[in-house]
Amino acid sequence: MAFQLLDGTPIPIGAPFSIGEINYPANWLNLSTAEEKTAAGIKEVADPSVYDSRFYYSDGTAKALDDKNSVDEEGNLIKNSDGSQHVTYGLKTVLKNSVKEEAASRLAQYDWYVVRKSEKGTAIPSKISTYRDAIRTACNTRETEIDNCSDIEALVTLYGTKEDGTPNMTQYPIDPNIQDMA
């Protein structure tokens, strides 16, 4: 909970503060009773809502799910320098791009095997090929899971966890080099 003066001025928790000419120590809010706070002109208020910035703006407004054509203040379509339509990405596109970037980063760690195969003909170890294929499969599945969300609440659920703490979204496979260390 947060505290504020009757005029709405917030009072910092865990820090000394003053009301008029009276100075209060940092622990006063924790140690005082509700009656003592009221007598001092302090009221308890709900903590401000905090929204997950992946899905909501700071005021709690949900971000747009789908892409839309960009328009100016008069409603005219905005064009790119090449004359194509400028598009404002919706949350689904932003999240899918993030999923693709993560997959690319995981694949990049083992790209040298592909280069070595191309240049020298040295076989890619099967555990590496299997891992790379599993990364691509997980990425595609995650994109489909995102696309299947019909509203913000569904996305929030997808990015959350089950009661047992396991993620709702398909997870990437464990790196084979990490598995070998276990």
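The values are calculated or read from the model by the stated rules, or taken from the named source; none is laboratory data. Nothing here was measured: the structure is a model prediction, and the numbers come from that model. Here the Cβ is made from the backbone with ideal geometry for all residues, glycine too, and neighbour counts use every protein chain on show. Keep in mind that these areas ignore ligands, DNA and RNA; they rest on the heavy atoms of the full protein, side chains included. Shrake-Rupley method; radii C 1.70, N 1.55, O 1.52, S 1.80 Å.
Within segment 77-88, is there a residue that is of a type in the set (Lys, Arg), free of Cβ contacts under 8 Å to residues at least 60 places away in the same chain and within 30 Å of Ile152 (Cβ to Cβ)? Looking for residues that are of a type in the set (Lys, Arg), free of Cβ contacts under 8 Å to residues at least 60 places away in the same chain and within 30 Å of Ile152 (Cβ to Cβ), one finds at least one in segment 77-88, hence yes. Looking across segment 139-182, the residues that are more than 24 Å from Asp66 (Cβ to Cβ) and either assigned to a helix (DSSP H, G or I) or of a type in the set (Gly, Ala, Ser) (or both) come down to Gly165, Pro176, Asn177, Ile178, Gln179, Asp180, Met181, Ala182. Taking segment 63-107 as the range and being part of a loop (DSSP other than H, G, I, E, B) and within 21 Å of Ser150 (Cβ to Cβ) as the test, the residues that pass are Lys63, Ala64, Leu65, Asp66, Asp67, Tyr89, Gly90. Sort out which residues of segment 100-130 are more than 15 Å from Pro176 (Cβ to Cβ) and in contact (Cβ under 8 Å) with a residue 40 or more places away in the chain, and write them in order of number. Result: Lys100, Glu102, Ala103. When Asn30 is tested against (1) in contact (Cβ under 8 Å) with a residue 40 or more places away in the chain; (2) of a type outside the set (Gly, Ala, Ser); (3) outside any strand (DSSP E or B); (4) open to solvent by 100 Å² or more (accessible area, probe 1.4 Å), exactly one condition is not met: (1). You will find that of Tyr110, Tyr24, Tyr89, Tyr51, the residue that is open to solvent by 100 Å² or more (accessible area, probe 1.4 Å) and not small (Gly, Ala, Ser) is Tyr89 and no other.
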